[in-house]
Every structure is written in structure tokens, then in C-alpha cells.
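**Q** Could you have a look at this structure, given as C-alpha cells, before my questions?
The values are calculated or read from the model by the stated rules, or taken from the named source; none is laboratory data. Not measured: the values here are computed from a predicted model. Every residue, glycine as well, gets a Cβ built from its backbone with ideal geometry; the counts of neighbours run over all protein chains shown.
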Amino acid sequence: MGYEYEEYRDLVVLERIEEAEGVVCIRLGAPGGERLPMWEPGAHIDVELGNGVERQYSLCSHFHADTWRIAVLREPNSRGGSSYIHDNIQVGDLVRTRGPRNHFPLVDAPDYLFIAGGIGVTPMVPMLGEVIFDKEVPWRFYYGGRQRASMAFRDRLEPLGVVLWPQDEKGLLPLAEILAEASPQTAVYCCGPEPLIAAVEAACAAAGRPAPYVERFAAKEVDTTGDAGDRST
């Protein structure tokens, strides 16, 4: 079951953490302390920033938590979204949000393969929590990044069994080898930069596998249509 909320709400910044090199994690809560709306792994919220820009960010907190977390990568070519959050949003600020909405839900499957690249790890953090603690089914998780220092949540994910794959240490993810270990029934999830998603799609096709479940991150102007798989940074 999915949850979609269209109304706007003002939330307060409860916590700001430098999660990794170039990545800031913002925890949001209701000003009155009430519980925020329900959501499921894969969901995102719209964030309306003070500079008139609106962006979408995946929720990466535990999906049963009373508050929400988003992780934001500072993009070198930011058009006002990520740079504004990094430079201006502080604890105690009010942030206008809408959602959550989910166009990247976790389907039921006998086992899962997660392939994340960079900040694309964010929607998969709560997915992994559901697979481990609720579904209790087998899973594998490969997390690629340019370098270890820039990989958000690495200290929490690696002890769970997530395979970290910093490119400067190991090169590119060996997708053919990774997919060769998956059964035909394995649900393959991928989120990250377009080259990674395209490579995973091509590798699945070459192996005769069903298409993976993907979510793309692409900068765009304000869009209230809720088109699936399009995120801005």
C-alpha cells in the first residue's frame, strides 16, 4: 500500500548533520511535535526553498519514525536547490514541504538486489530496513561512490553487510558478476547517476533478466505532476 499526501506543511529543522563529504542530512519534524504522515520506503517529499526553488528529496529515515530525514548532495552545478540547503538551512528554520509520495515502492519478492550509486543510496536505506526487519528475506546490497569519504551512511550500512565500492579504490561496480548471482525472481533495485542506471538496465537485458526497478535523479524546473522516477538535486 502506498501513501500520497498533496497538502503543503511547514516543518521545523530539528537536526543538521554533515553526513559525508559534500552531503548534509536534515531531520524535519512538526513544529508542534505531532507525528508526521505515514510513508513507505521509496517515498520522497517536495521541499520549497526560500529562494523560490522547489526540489524533491527521498526520505531516508526509518519509515516508522515520527520525524523525516533527507540527505542532500551539494551538486557542483546546482541551480539553487542543493546549494541553498547547504548554505542556508539551519536548525530551527521552518521549511515548507509537500508529500510524501511514492513512485519507487518496494515490491514483494523472495529476495532483493540493491545497487546504489552516490546519493542514490537515500531511498534504499529505508528499503533495506524493511527487508531486514519486516520481510526477513535474503538480500544483497552494493553501494558505489567516487570515494569512501563522500559515501553517506557508510558507517551504518557496512556493518549490516552492505558492500561498499569506492571507485578510487576498486574501480567500477562489476555489474555482470553481481547480476550473475541473482535468481530470475530476484527484485533488482537501482538508483543513482544515469550512467549507472543505464549500465544496470543494459546488464539485466544482456542477462535475459526482467528490467530493474529504477529511480532517476534529474534536475528540473518546478513540477507538480508527480511524474515517476524524476528527482531534482
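**Q** Could you say whether any residue in the stretch 211-224 is over 30 Å from His64 (Cβ atoms), in contact with a helix residue (DSSP H, G or I) (Cβ under 8 Å, 6 or more places away or on another chain) and surrounded by 17 or more Cβ atoms within 10 Å (Cβ to Cβ)?
**A** Among the residues of the stretch 211-224, not one is over 30 Å from His64 (Cβ atoms), in contact with a helix residue (DSSP H, G or I) (Cβ under 8 Å, 6 or more places away or on another chain) and surrounded by 17 or more Cβ atoms within 10 Å (Cβ to Cβ), which makes the answer no.
**Q** Could you tell me which of the residues Val163, Val125 is closer than 21 Å to Leu106 by Cβ and free of Cβ contacts under 8 Å to residues at least 40 places away in the same chain?
**A** Exactly one residue qualifies, and that residue is Val163.
**Q** Let me ask another. So Ser83 clears everything in (1) free of Cβ contacts under 8 Å to residues at least 24 places away in the same chain; (2) under 18 Å from Leu28 (Cβ atoms) except one condition, right? Which one?
**A** Condition (2) is where Ser83 drops out.
**Q** Looking only at residues in the stretch 73-93 that are among the hydrophobic types (A, V, I, L, M, F, W, C) and under 11 Å from Glu15 (Cα atoms), which one is nearest to the chain's Cα centre (by Cα)?
**A** The extreme case among them is Ile89.
**Q** Just a yes or no: is a residue in the stretch 2-17 buried (at least 20 other Cβ atoms within 10 Å of the Cβ), at pLDDT 95 or above, part of a loop (DSSP other than H, G, I, E, B) and touching a strand residue (DSSP E or B) at 6+ places or on another chain (Cβ under 6 Å)?
**A** no
**Q** Among the listed residues Ile70, Ile119, which satisfies the condition of being touching a residue at least 60 places away in the same chain (Cβ under 8 Å) and within 15 Å of the chain's Cα centre (by Cα)?
**A** Residue meeting the stated conditions: Ile119.
**Q** Could you check how many residues of the stretch 110-157 are β-branched (Val, Ile, Thr) and surrounded by fewer than 16 Cβ atoms within 10 Å (Cβ to Cβ)?
**A** Selection size over the stretch 110-157: 2.
**Q** Let me ask another. Does Glu40 fit the bill of being within 29 Å of Lys135 (Cβ to Cβ), in a loop (DSSP other than H, G, I, E, B), acidic (Asp, Glu) and not assigned by TED's automatic domain parsing to the domain that holds Gln147?
**A** So Glu40 passes the test.
**Q** Those residues that are of a type in the set (S, T, N, Q) and exposed (fewer than 15 other Cβ atoms within 10 Å of the Cβ), I need them from the stretch 168-196; list them, please.
**A** Within the stretch 168-196, Ser183, Gln185 qualify.
**Q** Hey, can you tell me all the residues within the stretch 130-154 that are assigned to a loop (DSSP other than H, G, I, E, B), within 14 Å of the chain's Cα centre (by Cα) and under 16 Å from Asp168 (Cβ atoms)?
**A** Met151
**Q** Same structure again: For the structure I just gave you, tell me whether Pro138 is in contact with an Asp or Glu (Cβ under 6 Å, 6 or more places away or on another chain) and free of Cβ contacts under 8 Å to residues at least 60 places away in the same chain.
**A** In short, yes.
**Q** Could I ask something else about it? Can you name every residue in the stretch 86-129 that is of a type in the set (Gly, Ala, Ser) and in a strand (DSSP E or B)?
**A** Gly99, Ala116, Gly117, listed by residue number.
**Q** Going by the structure shown, is Asn51 in the same structural domain as Gly22 (by TED's automatic domain parsing) and out of contact with any helix residue (DSSP H, G or I) (no Cβ under 9 Å at 6 or more places or on another chain)?
**A** Spelling it out, it is not the case that Asn51 is in the same structural domain as Gly22 (by TED's automatic domain parsing) and out of contact with any helix residue (DSSP H, G or I) (no Cβ under 9 Å at 6 or more places or on another chain).
**Q** I would also like to ask the following. In this structure, is Ala65 in a loop (DSSP other than H, G, I, E, B) and under 24 Å from Glu18 (Cβ atoms)?
**A** Yes: the conditions hold for Ala65.
**Q** Scan Pro174, Pro159 and give me the residue that is under 21 Å from Pro41 (Cα atoms), at pLDDT 95 or above, more than 18 Å from the chain's Cα centre (by Cα) and not polar (S, T, N, Q).
**A** Pro159
**Q** So, in the stretch 144-191, exactly how many residues are farther than 22 Å from Glu19 by Cα and among the small types (Gly, Ala, Ser)?
**A** Number of matching residues: 6.
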